[in-house]
1. Give me log10 I(q)/I(0) at q = 0.21 Å⁻¹ for the chain, Debye formula, one equal scatterer per alpha-carbon, no solvent.
2. Assuming 0.36 nm per residue, please report the length gained on full extension of the stretch K85 to K18 beyond their Cα-Cα distance.
3. Kindly report the accessible area of the chain per residue (heavy atoms of protein chains, probe 1.4 Å, no ligands, DNA or RNA), in Å².
4. Where is the GNM fluctuation largest for the chain (alpha-carbon springs, 10 angstrom cutoff): A28, A13, A90?
5. Given a 1.4 Å probe and every protein chain left where it sits, what share in percent of the accessible area of the range 5-76 is carbon and sulfur?
6. Out of W35, L102, Y92, whose Cα points farthest toward the positive end of the dipole of the chain (charges: +1 Lys, Arg; -1 Asp, Glu; placed on Cβ)?
7. Take D73 and R26, extend 7 Å from each Cα along the Cα→Cβ direction, and tell me the distance between the two endpoints in nm.
8. Between S6 and M104, how high is the FRET efficiency from 1/(1 + (r/R0)^6) when r is the Cβ-Cβ distance and R₀ = 22 Å? Nearest 0.05.
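The values are calculated or read from the model by the stated rules, or taken from the named source; none is laboratory data. Predicted model only: the values in this text are computed from it and were never measured. Cβ sites come from the backbone with ideal geometry, for glycine too, and all protein chains shown count toward neighbours. Please note that ligands, DNA and RNA were not included when accessible areas were found on the heavy atoms of the full protein model with its side chains. Shrake-Rupley method; radii C 1.70, N 1.55, O 1.52, S 1.80 Å.
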Amino acid sequence: VQLVESGGGLVQAGGSLKLSCVASGRTASSAVMGWFRQAPGKEREFLAAIMGSSRTMYADSVKGRFTISRGNDRNMVYLQMKNLKPEDTALYYCAANSQGTLRMAAALYDYWGQGTQVSVSS
């Protein structure tokens with residue numbers, strides 16, 4: 001599975017961004033897809049995951065502000081982010097869990113994109 005993220009950028013606090021991830025490969029459409037982020041000096045942090053088209057899981061830190069969704073062909077995954085805060089500044093990664101389990105642990109995701117930078121100014 002190959003993953004390519006896009007949609008990052010610089011936004012003011014309170015603003016919104018929508019990240020996209022295109023997945024290609026034989027098992028892309030059946031994988032559980034997740035979004036993670038990593039800020040400088042911090043560990044990679046789980047944000048959200050989606051199984052199929054509608055079963056989702058969120059980290060408490062982003063619940064109510066971030067929404068994960070999947071395109072009709074299941075090869076596109078999105079992360080809609082609203083009410084962004086300076087502490088949301090990080091490199092955001094799309095990841096795929098080919099085992100198909102809805103989990104938070106980064107170690108369970110076996111494919112990763114290169115990341116897209118999100119910067120939130122105060």
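1. Result of the Debye calculation: -1.16.
2. Values: separation 67, 0.36 × 67 = 24.12 nm, distance 1.45 nm.
Once the chain is fully extended between K85 and K18, it gains 22.7 nm.
3. On the way: 6190 Å² over 122 residues.
I get 51 Å² per residue for this part.
4. The residue that fluctuates most here is A13.
5. Values: 1700 of 3740 Å².
Here it works out to 45 percent.
6. Projecting each Cα onto the dipole axis, the largest value belongs to L102.
7. 2.0 nm
8. Working: r = 24 Å, r/R0 = 1.08.
It comes out at approximately 0.40.
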